[in-house]
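One structure is given here, and the rest of the page talks about it.
What follows draws every value from the coordinates through simple rules; no lab data is involved. Please read these numbers as outputs of a predicted model, since none were measured by experiment. Ideal geometry is used to build each Cβ from the backbone, glycine not excepted, and the neighbour counts take in all protein chains shown.
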Amino acid sequence: MIGHVGSFVSAPVAFIAAQNVAKGGRVQPPESCLPVIRLDQIDPKRHLLIAGPTASGKSALALRVARAQGGLIVNADALQIWSCWRVLTARPSPEDEAAAPHALYGHVAPGVTYSVGDWLRDLAGLLERRLIVVGGTGLYLTALTQGLAYVPPTPSEIRAEGDARLAAEGGLARMVADLDPATRDRIDIQNPARVQRAWEVLAATGRGLADWQADTPPPLVAPDQAQRLVVTADRDWLARRIALRFGQMMQHGALEEVRAMLPHWNPGQQWARAIGAPELVAHLRGQMDLPTATERAIIATRQYAKSQRIWFRGRMKDWSPVSADAENTRND
């Protein structure tokens with residue numbers, strides 16, 4: 001059987017911990033109408049792709065499959081690529097990495113710009129092996145299986161003009177009006193970031209974003225080359241898991257990890273987007289007490305999990321949903 005993970009904090013912690021002790025150290029998933037996948041249902045001759053929200057148990061599932069069937073576990077989490085965050089992003093432990101081969105974890109230094117295109121390039125060099133790709137970054141996984149359009153980078157002067165236009169009164173509506181019809185019909189025109197990005201592409205290249213996306217190359221991993229799973233979990237169950245796991249992170253050095261990066265802290269950098277990092281930085285700077293920082297970090301993690309689930313439901317409908325499993329209660 002296969003699929004789950006852990007976290008903690010403050011008032012609910014005693015109750016959760018008591019539940020854990022009563023249940024052998026595991027937070028049990030609720031009853032689900034979805035199947036819990038078995039190892040004998042996983043095809044060892046194809047790549048295995050495992051998506052799931054944070055703390056749902058997907059990393060534990062990947063490790064169990066790798067130990068039973070072989071394969072290289074490949075990270076598909078945009079937060080776990082950074083070398084500075086092991087504990088805070090729940091990267092596989094050294095023991096897990098010793099139990100099965102892992103790739104693309106902690107391989108990018110802070111300050112380096114790293115895109116989904118960079119990730120695809122790095123993964124392409126691994127395709128001669130059977131891969132077990134696991135993570136919660138939906139953009140990585142959809143780009144892997146659907147292809148990624150090349151869009152030229154935006155010049156800094158166009159980006160600055162876009163920032164100014166969006167900040168002006170009525171700027172969003174004017175930007176939407178400037179877009180080409182095909183792009184305007186495709187994107188979420190209520191999302192300022194999406195609209196500005198589309199406007200910048202059109203301003204910089206003279207071609208609409210939809211036109212660039214129409215030139216998407218074939219995917220690195222076609223649907224028939226992989227078994228694709230989405231680990232699902234009840235929202236309240238997952239919230240308890242997130243809380244329990246964050247407490248475990250704190251016990252294992254998350255605050256010290258953030259303290260080590262404090263001299264280099266820049267909230268505008270990609271590496272600084274690790275969930276919980278801004279709240280712990282605020283605590284270390286004396287801007288809030290530790291219980292408040294912890295509570296806010298847990299809330300931010302729940303919000304992140306919600307956005308992951310929305311992506312999976314909206315963009316990965318042809319992936320097979322499987323229920324989380326209490327046997328998988330290691331870090332995710």
Set of aspartates and glutamates with alpha-carbon distance to Lys306 below 12 Å, sequence-local pairs under 8 removed
Asp234, Asp236
In Å, the C-alpha Rg and Dmax of the chain are 20.8, 63
Determine, for each peptide in 180-192, 92-104, the mean count of other beta carbons within 10 angstrom over its residues, then list the peptides with the highest first.
92-104, 180-192
Mind putting a number on the dipole of the chain about its Cα centre? Charges go on the C-beta only, +1 for Lys and Arg and -1 for Asp and Glu, and I need it in Debye to the nearest 20.
600 debye
Nothing charged except the Cβ atoms of Lys and Arg (+1) and of Asp and Glu (-1): what's the magnitude of the dipole of segment 156-213 about its Cα centre? Round to the nearest 20 debye.
120 debye
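Listing His283, His264 from the residue with the fewest other Cβ atoms within 10 Å to the one with the most, what is the order? Before the final figure, lay out each step's value.
Working: His283 21, His264 12.
Listed from fewest to most nearby Cβ atoms, that is His264, His283.
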Under the span-like rule (Cα at least 15 Å along the axis, Kyte-Doolittle mean at least 0.5), DSSP H helices of the chain
10-22
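Suppose we take every Cα in segment 205-295 and form the convex hull; what volume per residue is that in Å³?
219 Å³
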Do any GluC sites (Glu not before Pro) in segment 156-233 lie in a DSSP loop with no more than 16 other beta carbon atoms within 10 Å, and if so, which?
Glu169
List the aspartates and glutamates whose Cα sits under 13 Å from the Cα of Lys45, skipping any in the same chain fewer than 8 residues away.
Glu128, Asp224
Beyond 20 Å, what share of the Cα-Cα pairs of segment 156-213 is found? Please give it as a whole percent.
13 percent
Positive end of the dipole of the chain, charges at C-beta (+1 Lys, Arg; -1 Asp, Glu), about the Cα centre: which of Trp119, Pro223, Ala98 has its Cα farthest in that direction?
Ala98
Within the chain, which is the longest segment that contains none of the chymotrypsin sites (Phe, Trp or Tyr not before Pro) sitting in a DSSP loop with at most 16 other Cβ atoms within 10 Å?
151-264
